Amino acid sequence: MLLTATRAKFTAGKKAWSIPCDIALPCAFQNELSEDDAKELKANGCWCCCEVSNMGCQPGAIHFFQKNGILFAPGKAVNAGGVATSGLEMTQNAAHLSWSAKEVDEKLHWIMENIHEQCVKFGTQADGTIDYVKGANIAGFMKVAQAMLEQGVI
């Protein structure tokens, strides 16, 4: 693949979301992408938005994406890779283990695939679409509830 440099252009009063793209990745700060930004992304052909920052999209933007057929992946699922990597590092340190980069990558892939499967399991709607927000929320709740049962808390 050949990548060519393009000139950056500053447009006063506009955000990065005004630039046409296929996939939007809010990754700077909480609530950076508004409903108006979501509408502009859709008008410019965006078909997917994945929160890389914690809560990068305002609620209105999320609802707009969901109601307009734009795939939306919430930060709690998308960001799990970084959290999982930290957990794998802590496990290695605590157990005095040293996994190869390949082993860590395989474990991380398994974790992320499992998160996706849980989002699909709990987020699939009657019409066959997947609400990843609902799926991630229910999957998280189920994980905590199961842990509480296993610990005898309830």
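Contact map, the range 24-53: first residue closer than 13 Å to PHE72 by Cβ and buried (at least 18 other Cβ atoms within 10 Å of the Cβ), second residue aromatic (Phe, Trp, Tyr) and modelled with pLDDT of 95 or more, Cβ cut-off under 7 Å, separation 6 or more or different chains; pairs are ALA38/PHE64; ALA38/PHE65; CYS49/PHE65; CYS49/PHE72.
Just to be sure before I move on: is PHE65 among the hydrophobic types (A, V, I, L, M, F, W, C) and either in contact with a Lys or Arg (Cβ under 9 Å, 6 or more places away or on another chain) or surrounded by fewer than 16 Cβ atoms within 10 Å (Cβ to Cβ) (or both) in the structure I sent? Quick ask: steps written out before the conclusion?
Values: among the hydrophobic types (A, V, I, L, M, F, W, C): yes; either in contact with a Lys or Arg (Cβ under 9 Å, 6 or more places away or on another chain) or surrounded by fewer than 16 Cβ atoms within 10 Å (Cβ to Cβ) (or both): yes.
So PHE65 passes the test.
Mind listing whichever residues of the range 79-99 are of a type in the set (A, V, I, L, M), part of a helix (DSSP H, G or I) and farther than 30 Å from PRO26 by Cβ? Answer for the range 79-99, where residues must be of a type in the set (A, V, I, L, M), part of a helix (DSSP H, G or I) and farther than 30 Å from PRO26 by Cβ: ALA94, ALA95.
Yes or no, residue by residue, for (1) touching a residue at least 24 places away in the same chain (Cβ under 8 Å); (2) surrounded by fewer than 17 Cβ atoms within 10 Å (Cβ to Cβ); (3) not hydroxyl-bearing (Ser, Thr, Tyr):
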position	(1), (2), (3)
PHE72	yes, no, yes
GLY81	yes, yes, yes
MET90	no, yes, yes
ALA101	no, yes, yes
GLY128	no, yes, yes
LYS134	no, yes, yes
MET148	no, yes, yes
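Among the conditions (1) modelled with pLDDT of 95 or more; (2) closer than 18 Å to ALA136 by Cα, SER53 misses just one, which is (1).
Among the conditions (1) within 30 Å of LYS15 (Cα to Cα); (2) modelled with pLDDT under 95; (3) outside any helix (DSSP H, G or I); (4) not polar (S, T, N, Q), the only one that LYS76 does not satisfy is (3).
Could you please let me know if GLY123 is closer than 19 Å to ASN68 by Cα and modelled with pLDDT of 95 or more? Explain how you work it out, then say what you get.
Numbers: closer than 19 Å to ASN68 by Cα: yes; modelled with pLDDT of 95 or more: yes.
It is true that GLY123 is closer than 19 Å to ASN68 by Cα and modelled with pLDDT of 95 or more.
Just to be sure before I move on: is LYS102 at pLDDT 95 or above and part of a helix (DSSP H, G or I) in the structure I sent? Against the criterion (at pLDDT 95 or above and part of a helix (DSSP H, G or I)), LYS102 qualifies. Taking the conditions exactly as written (without any contact (Cβ under 8 Å) to a residue 60 or more places away in the chain, touching a Leu at 6+ places or on another chain (Cβ under 7 Å) and polar (S, T, N, Q)), does THR124 satisfy them or not? Against the criterion (without any contact (Cβ under 8 Å) to a residue 60 or more places away in the chain, touching a Leu at 6+ places or on another chain (Cβ under 7 Å) and polar (S, T, N, Q)), THR124 does not qualify.
The values are calculated or read from the model by the stated rules, or taken from the named source; none is laboratory data. Fair warning: this is a prediction, and the values are worked out from it, not measured in the lab. Every residue, glycine as well, gets a Cβ built from its backbone with ideal geometry; the counts of neighbours run over all protein chains shown.
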